[in-house]
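Here the structure comes first, spelled out in structure tokens, and everything after it is commentary.
Values quoted throughout were computed directly from the atomic coordinates according to the rules given, and no laboratory measurement underlies them. This structure is a prediction, so every number in the text was calculated from the model and none was measured. Neighbour counts run over all protein chains shown; Cβ positions are idealised from the backbone, glycine included.
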Amino acid sequence: MKQAVIVAGGKGSRLLPYTALLPKPLMPLGDRPVLELLLEGLRAAGITDVILAVNHLGHLLEAFFGDGARLGLSITYSVEDDELGTAGPLGLLLHRLEPNFVFANGDLLTTLDTAKMVIAHEALGADATIGSYRRVVRSEFGVLKVDSEMRLTAYHEKPEYEQLISMGLYVLRRDAIRPYLVPGSALDMPTLMENMRRDDLRIYCHGQDCIWLDIGCPQDFAEAQSLVLQNRDAFSPVRK
């Protein structure tokens, strides 16, 4: 498997005012933008061909990455006239996709070994494999439990919950997703995965011991800066 599609067309509204001038995938972490770190990780996993689905400030992404030669990749672009959500861009690309391919959000920061994820996808004969991460979420409030008469049965101060979170990284089988895509129509990945699950397609979750962070807001961006500075070697993978 040599192909990846990366969605890089969102407006990054939660990162305003930074994203008024830069698309979120070009936000710098250390001396490189987050998308470059993702691309280097994919290249190290054996990916050679990348399609960037762009919209908001897409001309800046194309100007920065060009044809991908600088990174040892072949990069082409799919330009969206309208916002198509996180899965909708695939509807415009079906004729360009390999039978199985990697699909990722362009603001993804992770050290997950994509090659291992691809191997697991193929070994299971999966229609879709979702990169997953176990994250502890702490409530900001004291949580009360009551009985049917509203009598207190338990009081937990700022409890912690472990949740399995989608990383925004997938391996997909082209012919499995094809029936759910309409070229030019908006579609989000949770809806696509739920529709496939209801039709009893083979969808698996894949996790590894790795670093992961979604750069969605200024606090996440600051944390990502710290992660990259503290783990430089982890985000500079050796090409396989």
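In this structure, the amide hydrogen of Ser78, modeled 1.01 Å from its nitrogen in the peptide plane, lies closer than 5 angstrom to those of Leu52, Ala53, Val54, counting only residues at least 5 positions away or on a different chain. In plain terms, the C-alpha convex hull of segment 175-225 casts an average shadow of 5.8 nm² when viewed from every direction.
Among the lysines of the chain, pairs at least eight places apart or on separate chains and with Cα atoms under 26 Å apart come to 6. Summary: within the chain, the longest segment free of GluC sites (Glu not before Pro) located in DSSP loops with at most 15 other C-beta atoms within 10 Å is 150-240. The spacing between segment 78-140 and segment 159-223, judged by their C-alpha centroids, is 6 Å.
Placing unit charges on C-beta atoms (Lys and Arg positive, Asp and Glu negative, everything else neutral), compute the dipole magnitude of segment 157-216 about its Cα centre in debye, rounded to 20.
Magnitude of the dipole: close to 420 debye.
Simple point charges give the picture: +1 on the Cβ of Lys and Arg, -1 on the Cβ of Asp and Glu, and for the chain a dipole about the Cα centre of about 400 debye. Counting every alpha-carbon pair across the chain, the share separated by more than 25 Å comes to 44%. Compactness of segment 113-232 is given as radius of gyration and Dmax, 19.2, 55 Å, from Cα positions. Against the main long axis of the alpha-carbon atoms of the chain, helix 218-230 sits at an angle near 70°. Database remark: amide H of Gly68 closer than 5 angstrom to the amide H of Ile75 (H placed geometrically; neighbours at sequence offset of 5 or more, or on other chains; Pro and chain starts carry no H). The 3J(HN,Hα) values that the Karplus relation (6.51, -1.76, 1.60; θ = phi - 60°) gives for segment 191-203 are, in residue order, 5, 4, 5, 5, 5, 5, 5, 4, 8, 6, 6, 8, 10 Hz. Gly and Pro appear as x.
I'd like to know how segment 35-160 sits against the 2.2 N^0.38 Å rule of thumb: what's its Cα Rg over that expected value? Please list the in-between numbers first.
Numbers: Rg = 21.0 Å, N = 126, 2.2 N^0.38 = 13.8 Å.
Computed over Cα atoms of segment 35-160, the ratio equals 1.52.
Computed from backbone phi with θ = phi - 60° and the Karplus coefficients 6.51, -1.76 and 1.60, the 3J(HN,Hα) list for segment 175-180 is 6, 6, 8, 3, x, 9 Hz; x is used for glycine and proline.
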